[in-house]
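These notes concern the structure reproduced below.
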Amino acid sequence: MNDEMKMLLENNKDLLTGKTFASFATLMKKGGPQVSPVWIDYDGTYVLVNTAQERQKAKNVARDSRVALSIQDPQNPYRKLLIRGKVVEITTQGAEEHINLLNMRYHGTAPYQKRKADEIREIIKIKPEHVST
């Protein structure tokens, strides 16, 4: 990641670590786009999306690592952060704790309650390759 991208991410870190939603675009098997609203997180290097393994976005990124995120400031819809990147890791390690942390951020409660009994959570780690505002 170049210095300009790092600066854009740091200058807009509140959008990545606040109570904002992202439109998360993945690619279907035949190449068409699939977009889902998601909770997001940022660890200083990677944008993180937590999902259940059986969801379409999880299946898509397991097959094709190219993704995009569009994030709007809920207080100012003209302020946005656009990220194109690649999924560099999909892991179940720490995913349960992570979804509970996200639920606390977005709803003020933990643990995460909207899960199926047999659901397996995973963290999708995205390396930004292009960032614009």
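Read-outs throughout are calculated quantities, based only on the coordinates presented, and are distinct from any laboratory measurement. Nothing here was measured: the structure is a model prediction, and the numbers come from that model. No Cβ is skipped: glycine too gets one built from the backbone with ideal geometry, and neighbour counts run over all protein chains shown.
What FRET efficiency comes out for the pair Asn76/Ala52, r = Cβ-Cβ distance, R0 = 35 Å, nearest 0.05?
FRET efficiency, Asn76 to Ala52: 0.65.
Bin all alpha-carbon pair distances of the stretch 3-132 at 10 Å intervals from 0 and give each bin's fraction as a whole percent.
Reading upward from the zero bin: 13, 45, 35, 7, 0.
Give the lysines reachable from Lys29 as a straight Cα distance under 20 Å; neighbours fewer than 8 places away on the same chain don't count.
Those lysines meeting the cut-off are Lys57, Lys59, Lys86.
From the square roots a ≥ b ≥ c of the eigenvalues of the alpha-carbon gyration tensor of the stretch 93-133, which class results: rounded (a/c under 1.5), prolate (a/b over b/c), or oblate?
Oblate, since a/c reaches 1.5 and b/c is not below a/b.
How large is the charge dipole for the chain, taken about the Cα centre, if only the Cβ atoms of Lys, Arg (+1) and Asp, Glu (-1) carry charge, to the nearest 20 debye?
Dipole of the chain, to the nearest 20 debye: 540 debye.
Given the options Ala52, Val67, Pro33, identify the residue whose Cα lies farthest towards the positive end of the charge dipole of the chain (+1 on Cβ of Lys, Arg; -1 on Cβ of Asp, Glu).
Of the listed residues, the answer is Pro33.
To make sure I understand the rule: partners must be aspartates and glutamates, Cα under 16 Å from the Cα of Lys127, and not fewer than 8 residues away in the same chain. Which ones qualify?
Filter leaves Asp3, Glu4, Glu10, Asp41, Asp43, Asp64, Glu89.
Pick from Ala62, Ala22, Ala95: which is most flexible by mean-square fluctuation in a GNM of the chain where alpha carbon atoms under 10 Å apart are linked?
Comparing Ala62, Ala22, Ala95 in a Gaussian network model of the chain, the most mobile one is Ala62.
Under a 5 Å amide H to amide H cut-off, with H placed in plane at 1.01 Å, what residues pair with Arg79 once short-range neighbours are removed?
Amide H to amide H, under 5 Å and 5 or more residues apart or across chains, Arg79 pairs with Asp73.
For the stretch 29-37, what does the Karplus curve 6.51 cos²θ - 1.76 cosθ + 1.60, with θ = phi - 60°, yield as ³J(HN,Hα) per residue in whole Hz, taken in order and with x for Gly and Pro?
4, 8, x, x, x, 9, 10, 10, x
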